[in-house]
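The values are calculated or read from the model by the stated rules, or taken from the named source; none is laboratory data. Please read all numbers here as calculations on a predicted model, not as lab measurements. Every residue, glycine among them, receives a Cβ derived from its backbone with ideal geometry; neighbour counts consider all protein chains shown. The protein model used for the area step is the full one, side chains on, heavy atoms only, and it has no ligands, DNA or RNA in it. Shrake-Rupley method; radii C 1.70, N 1.55, O 1.52, S 1.80 Å.
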Amino acid sequence: MMHKPLITCFLLLSGWMIQAQNPVQTNDWKLPATITPGAPYFGITSANGMVGLVSDAAPLRVKDVVLNGVFDRYGRGRVSNILRGFNFANLALDVQPAGLATARQSINAGNVTNLQQELNMHNAVFTTRFQHRDLVQVSSSFVALRHLTFTSLISLEVTALKDVDIYPASIIEAPEILREVHNYYSYIDRPHAQVALMTSTGNSPTGKHQLAASNSFLFEKGTKIPALVHEELDYGLHQTKFHIALKAGETFRFYVVASELSTAHYADPQNEAERITLYAALEGQERLMARHEAAWDSLWKSDIVIEGDAKAQSAVRSALYHLYAFNRAGTAYSPSPMGLSGLGYNGHVFWDTELWMFPPLLMLHPDLAKSMIEYRYERLEMARQNAFAHGYQGAMFPWESDDEGQEATPVWALTGPFEHHVTGCVGVAAWNYYCVTKDKNWLETRGYPLLKSTADFWVSRVERDEKGVCHIRNVVGADEWAENVDDNAFTNGVAITNLRYATLAAQALGVASDPQWNKVADAIPILTMSDGTTREYAGYQDTTIKQADANLLAYPLKLVADQKAIRRDLAFYEPRISETGPAMGNAVLSILYSRLGEKEKATALFDRAYQPNEVPPFAVLSECKGCSNPYFATGAGGLLQAVLNGFGGLEITDQGITQLKTSIPSGWKSLTIKGVGPEKKTYYLR
């Protein structure tokens, strides 16, 4: 017999489905959208650094579930790629007028009206609201819980406009790529706890990993659990459903807790997924959301507040939200250019992390940055093997790194064998982490091994000519349109910087450095043209380039420091950077102009670093103007640096974080940067 549920009466939907303990009311935390059938739609992600839930235009659906750290080979470029996880967050809802069984309909995009969606960036809750005919108003939401690494919370609220019967269902669906999928259902009945567990397991294409997802209904206190029916629809899809009768004006609400993990995380993912789901279910929605809110509140103690420019505030906060959402302290994971927003770039890790995403996180949340550099340390042996395979010493980090730190660039792309500047970026990031944190134990155990190994690579990588000049030949630079060139400006510059930082690290630890590090650094050339303009590479004249390269020597490398030289390089290269290049190039130019005191020019380039790249309906960043691969976390890193290091004047130095004299855009009333560095300082500019 079905128990009559506890039903509360409301005339309208009662706000957030997943109730926040400290809801934020101001609009600059929210990204709202009205969803029009057939209109362009690029989803936005609720993530906790381990699990990413990507929104869909269809009601009650999640487009993708991305689980960090799970890779296998399955045909995409013949390399190891990140996998889609089980989709445990989809719901189904059938509605029928009371007593009219023949009028029962399943909710879909074609039979709803006033479809509204919204991401609250303060608590990472994504909510969808709509109406179905003249029968029900519906609100659903999902969130990847910040305090529970592998667990998410989904909710559904239905308000009856007439007497209706509703048939909700929770679904677990396997992506086609998984093999040997098995579905399970069990019911745990205790005097004070009744939990139905729906679980799926499956193997990755080669059998490298097993994935497991488990979910369970969670009803509010006082609600009698309705009779649950489990159905296995096919090998890759099963659901648990129930029936509720509602009178006009009544509202019914329930939740689904779900956990997903793999053998990349636990030896026994099925049992662990079920145990964590049981834990979450018995914690209850209020306790889950209270701890989740507290975790995000802690993150937002480091924030950027722009007064006077709502558009810039929204874009900057979205960038910060995504970097927080894609990273997690206490791990050895580092985000791909698309973070947890999908399978873009196959989940591989590039220089995008160290040069673009790492600096803003290092300044605002060193604990998140630490996970990113730990990713490189744990793959140091593989980088040494990569150097050995190419005939070099030390460590040569791959251009595209997979979960094991192997080179995962598809063979047809020349960036894999030749884009060596990523190794220098790892060395620079390691030294900067020490400069900000002054953690000497970390420097000794983690940072110095990275710096020494990367410096040793450059010593073996250079080719000394008869004049003693140390050339770095046959590379692909930051401007990837220039393939197999010699003495690329950024590659040479980051090698010089890496070598010098390794020497400084040895001095900080009181150990002997290799004298070759400084000798080689002094002998690596930075080529110039006849008027002194930095030459992008040997033989470069004036062709269009993909993105900033030579300008990176002024920021972040600080090798070009004379203002006349910086202006000369800007004047030459700015008009030669392609309009279809990635967003972070304009961000670097904005920083340089800001530091030169040309705030109007800096502001225009700041706007170009995000506005042409925003795609509907949530203004998420794509990689370039006209691209369709959001969310581009690399661009977010560049945009944040334009604010922090450009308008804000913050600078990472050997003495820690300092501040240069700069000014904010004319249209901004003020800029407040909260929670900077280990001391959590606040900087305020008007």
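At-a-glance table
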{"item": "Residue within segment 94-104 that is modelled with pLDDT under 95, of a type in the set (S, T, N, Q) and surrounded by fewer than 18 Cβ atoms within 10 Å (Cβ to Cβ) present", "result": "yes"}
{"item": "Any hit, segment 420-442, residues being closer than 22 Å to residue 347 by Cβ, free of Cβ contacts under 8 Å to residues at least 24 places away in the same chain and either open to solvent by 30 Å² or more (accessible area, probe 1.4 Å) or assigned to a helix (DSSP H, G or I) (or both)", "result": "no"}
{"item": "Set 184, 167: member being surrounded by fewer than 24 Cβ atoms within 10 Å (Cβ to Cβ) and closer than 28 Å to residue 82 by Cβ", "result": "184"}
{"item": "Criterion: modelled with pLDDT under 95, open to solvent by less than 10 Å² (accessible area, probe 1.4 Å) and at negative phi - qualifying residue of 46, 80, 14, 55", "result": "80"}
{"item": "Per-region count, segment 469-509, residues assigned to a helix (DSSP H, G or I) and either modelled with pLDDT under 95 or closer than 25 Å to residue 356 by Cα (or both)", "result": "17"}
{"item": "Identity of the residue in segment 224-239, among the charged types (D, E, K, R) and not in a loop (DSSP other than H, G, I, E, B), that ends up modelled with the lowest pLDDT", "result": "234"}
{"item": "Every residue from segment 124-147 that is closer than 22 Å to residue 218 by Cα and either touching a Pro at 6+ places or on another chain (Cβ under 8 Å) or of a type in the set (Asp, Glu) (or both)", "result": "128, 138, 140"}
{"item": "Test: residue in segment 318-335 that is open to solvent by 40 Å² or more (accessible area, probe 1.4 Å) and part of a helix (DSSP H, G or I)", "result": "no"}
{"item": "Residue match in segment 355-365 (condition: surrounded by fewer than 20 Cβ atoms within 10 Å (Cβ to Cβ) and not charged (D, E, K, R))", "result": "no"}
{"item": "Leading residue by the ranking (farthest from the chain's Cα centre (by Cα)) among those in segment 366-379 that are open to solvent by 10 Å² or more (accessible area, probe 1.4 Å) and touching a residue at least 60 places away in the same chain (Cβ under 8 Å)", "result": "377"}
{"item": "Odd one out for residue 682 among (1) part of a strand (DSSP E or B); (2) of a type in the set (Ser, Thr, Tyr); (3) crowded, with 16+ Cβ neighbours inside 10 Å", "result": "(3)"}
{"item": "Filter result for residue 579 (within 30 Å of the chain's Cα centre (by Cα), modelled with pLDDT under 95 and open to solvent by 20 Å² or more (accessible area, probe 1.4 Å))", "result": "yes"}
{"item": "Any chance residue 498 is in contact with a Ser or Thr (Cβ under 8 Å, 6 or more places away or on another chain) and touching a residue at least 40 places away in the same chain (Cβ under 8 Å)", "result": "yes"}
{"item": "Only one of 60, 31 that is open to solvent by less than 50 Å² (accessible area, probe 1.4 Å), over 13 Å from residue 340 (Cβ atoms) and touching a Ser or Thr at 6+ places or on another chain (Cβ under 6 Å)", "result": "60"}
{"item": "Hey, residue 129 among the basic types (Lys, Arg), closer than 26 Å to residue 95 by Cα and open to solvent by 30 Å² or more (accessible area, probe 1.4 Å) or not", "result": "yes"}
{"item": "Boolean, residue 560 is touching a strand residue (DSSP E or B) at 6+ places or on another chain (Cβ under 7 Å), hydrophobic (A, V, I, L, M, F, W, C) and more than 24 Å from residue 302 (Cα to Cα)", "result": "yes"}
{"item": "Test: residue 221 is at pLDDT 95 or above, open to solvent by 50 Å² or more (accessible area, probe 1.4 Å) and either under 37 Å from the mean Cα position of the chain (by Cα) or within 26 Å of residue 67 (Cβ to Cβ) (or both)", "result": "no"}
{"item": "Pairs with Cβ under 7 Å, 6+ apart, first in segment 548-566 and farther than 16 Å from residue 477 by Cβ, second buried (at least 24 other Cβ atoms within 10 Å of the Cβ)", "result": "555/588; 555/591; 555/592; 566/554; 566/592"}
{"item": "Residues of segment 187-209 that turn out to be crowded, with 18+ Cβ neighbours inside 10 Å and within 22 Å of residue 279 (Cα to Cα), as a count", "result": "7"}
{"item": "Answer from 166, 171, 177 - the residue that is under 17 Å from residue 232 (Cβ atoms) and hydrophobic (A, V, I, L, M, F, W, C)", "result": "171"}
{"item": "Residue in segment 450-472 that is under 22 Å from residue 652 (Cα atoms), touching a residue at least 40 places away in the same chain (Cβ under 8 Å), touching a helix residue (DSSP H, G or I) at 6+ places or on another chain (Cβ under 7 Å) and open to solvent by 10 Å² or more (accessible area, probe 1.4 Å) present", "result": "yes"}
{"item": "Test: residue in segment 583-592 that is within 30 Å of residue 628 (Cβ to Cβ), β-branched (Val, Ile, Thr) and touching a residue at least 40 places away in the same chain (Cβ under 8 Å)", "result": "yes"}
{"item": "Of all residues making up segment 383-399, the number that are outside any loop (DSSP other than H, G, I, E, B) and within 16 Å of residue 334 (Cα to Cα)", "result": "1"}
{"item": "Identity of the residue in segment 615-640, open to solvent by less than 30 Å² (accessible area, probe 1.4 Å) and of a type in the set (Ser, Thr, Tyr), that ends up nearest to residue 578 (Cα to Cα)", "result": "622"}
{"item": "Members of segment 585-603 found to be open to solvent by less than 50 Å² (accessible area, probe 1.4 Å) and at pLDDT 95 or above, listed by number", "result": "586, 587, 588, 589, 590, 591, 592, 593, 594, 596, 602, 603"}
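Results for (1) open to solvent by 40 Å² or more (accessible area, probe 1.4 Å); (2) more than 15 Å from residue 169 (Cβ to Cβ); (3) touching a Lys or Arg at 6+ places or on another chain (Cβ under 8 Å), shown as yes or no for each residue.
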position: 235; (1), (2), (3): yes, yes, no
position: 242; (1), (2), (3): no, no, no
position: 248; (1), (2), (3): yes, yes, yes
position: 252; (1), (2), (3): no, no, no
position: 271; (1), (2), (3): yes, yes, no
position: 274; (1), (2), (3): no, yes, no
position: 277; (1), (2), (3): no, yes, no
position: 285; (1), (2), (3): no, yes, no
